[in-house]
Amino acid sequence: KEFDNIDLHSSLKKFFGFSQFKGLQEEVIKNVLRQNNTFVIMPTGGGKSLCYQLPALMQDGTAIIVSPLIALMKNQVDAIRGVSSEIGIAHVLNSSLNKGEIKQVKQDITNGITKLLYVAPESLTKEENVEFLRSVKVSFVAVDEAHCISEWGHDFRPEYRNLKSIVERLGENIPIIGLTATATPKVQEDIIKNLGIGGAKLFKASFNRPNLFYEVRTKTENIEADIIRFVKQNSGKSGIIYCLSRKKVEELAQVLQVNGVSAVPYHAGFDAKTRSKYQDMFLMEDVDVVVATIAFGMGIDKPDVRFVIHHDIPKSIESYYQETGRAGRDGGEGHCLAYYSYKDIEKLEKFMSGKPVAEQEIGNALLQEVVAYAETSMSRRKFMLHYFGEEFDDVNGDGAEMDDNTRNPKEKEEAKDNVEK
Ligand code: ADP
Ligand code: MG
């Protein structure tokens, strides 16, 4: 079936109420509608879901969406159902359904009502589901969070490795769309290899966040005083402070409170009620600062977070990018400050020493990149983007002046010191 720009835009409006595509969406969607394999790399919040939702809604048959998280699937299904009078337009197929529900899902698919079927990889590997899906028209298979295929990604899931062979069983030439926010070349290679989408067209959005300022400070015994000073200079602004351990989270939150900073702690050791209380206090701006482990942030969409401080350096550049990415979502300023000492790197290495050798090797390689980032004297933005396979023009690029090294080059600092001496 042919499509044109008018079709695309009116469908976008009709199903989602948007009048414009974001970034590369339109090009991606055209490629999908042409039945091609497609590989989409966009940062979190880039609008990847629409890249498979819209073509699924526009085509005959059912699109299968592989996604690792049940909560994510449920949100998406609810959202899609909101745009249609037909509840069966989107379904989740998983082990939590009872027999009657499974029958309904299968009936809706067979009757051509269901345009999007969300499945966890382990449900897709079930023989009875494969047998059923072989008998219906599948428009394409989208593999969301495709980095789960790779041991070099931050969320490796072995079940993702079997997807290709299952898709092959579902029918001939079913297009595959891989989507991820992980842009490192190694992860990219693994995805292409494992999904067998070597010929796929790659759509990669820039990972540059021009409004974020990147800074690294040497970690000393004065770190707490330094953080307090920073937060007070930014009083009234929202910020997140990440710590490695739950103990440190609680200690630092208390130190801040004692020093007159409104702060709450957050980590997975609190019960659900306490966690959501503290989270709400931060979102509703009853407090300025949340001191947290990495348990905080997934799915948090506070647009005006003005700073993200890392009390402890994270275990990979990708984690750092994700965590700092929570600053400045509204396009306003976002100060990303990381404290670094080599001792912390040794601590992280020690954490890994109990793990299988292969995992340790990967973990150490990722950690060495963090060391290089912390110790570099080049533009931190350039460094980070290079890590994601992107060339950044540090003279004319967007955000070119927005890091400590560019603003205060090391040689100049030394020269100044000499003059002062
Ligand atoms: P990702 O999966 O890349 O992290 P999502 O698919 O969750 O991103 O989309 C992020 C946000 O962008 C969502 O709130 C979505 O509604 C919004 N969005 C997506 N496409 C558009 C568009 N064309 N116009 C406006 N908002 C959009
Ligand atoms: Mg997504």
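Quick note: the coordinates plus some simple rules give every number you see, no bench work behind them. What you are looking at is a predicted structure, and each value in this text was computed from that prediction instead of being measured. Heads up, the Cβs are rebuilt from the backbone with ideal geometry, glycines too, and the neighbour counts pull from every protein chain shown.
Values as computed for the structure displayed
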{"item": "Computed [θ] at 222 nm, helices only, for the chain once each DSSP H run of length n ≥ 4 contributes -39500 (n - 2.57)", "result": "-13000 deg cm²/dmol"}
{"item": "Stokes-Einstein diffusion coefficient of the stretch 127-188, Kirkwood radius over Cα pairs, 10 °C, 1.306 mPa s, in µm²/s", "result": "126"}
{"item": "Loop-located trypsin sites (Lys or Arg not before Pro) in the stretch 29-130, at most 13 other Cβ atoms within 10 Å (DSSP)", "result": "R34"}
{"item": "Cα-centred dipole magnitude for the stretch 321-416, charges only on beta-carbon of K, R (+1) and D, E (-1), debye, nearest 20", "result": "340"}
{"item": "Loop-located GluC sites (Glu not before Pro) in the stretch 1-91 whose Cβ has at most 15 other Cβ within 10 Å (DSSP)", "result": "E2, E86"}
{"item": "Hydrodynamic radius by Kirkwood, which averages 1/r over all alpha carbon pairs of the chain, in angstrom", "result": "23.5"}
{"item": "Charged-residue dipole, Cβ positions (Lys, Arg, Asp, Glu), the stretch 96-251 about Cα centre, Debye nearest 20", "result": "360"}
{"item": "Loop-resident sites, the stretch 347-412, for GluC sites (Glu not before Pro), counting at most 13 other Cβ within 10 Å (DSSP)", "result": "E391, E401"}
{"item": "Built amide H within the under 5 Å cut-off of T114, gap 5+", "result": "I109"}
{"item": "Sites K347 and D78, calculated FRET efficiency, Cβ-Cβ separation with R0 56 Å, nearest 0.05", "result": "0.85"}
{"item": "Two-site FRET efficiency, T220 against I294, from Cβ-Cβ distance with R₀ of 25 Å, rounded to 0.05", "result": "0.60"}
{"item": "Translational D in µm²/s for the stretch 96-155 (Stokes-Einstein at 20 °C, 1.002 mPa s, Kirkwood Rh from C-alpha pairs)", "result": "163"}
{"item": "Residues with amide H under 5 Å from that of V291, placed H, sequence gap 5 or more", "result": "I241, V264, Y266"}
{"item": "Among T38, T62, T406: highest mean-square fluctuation, GNM of the chain, C-alpha pairs under 10 Å", "result": "T406"}
{"item": "Of N129, N405, N222, the one that fluctuates the most in a GNM where the chain has Cα springs shorter than 10 Å", "result": "N222"}
{"item": "Relative contact order (percent, whole number), the stretch 221-354, Cα cutoff 8 Å, 6+ residue spacing", "result": "26"}
{"item": "Interchain or long-range residues, amide H under 5 Å from D403's placed H", "result": "Y214"}
{"item": "Backbone HN-Hα couplings from phi across the stretch 199-206 [Karplus 6.51/-1.76/1.60, Hz, Gly and Pro as x]", "result": "x, 5, 6, 9, 10, 10, 8, 5"}
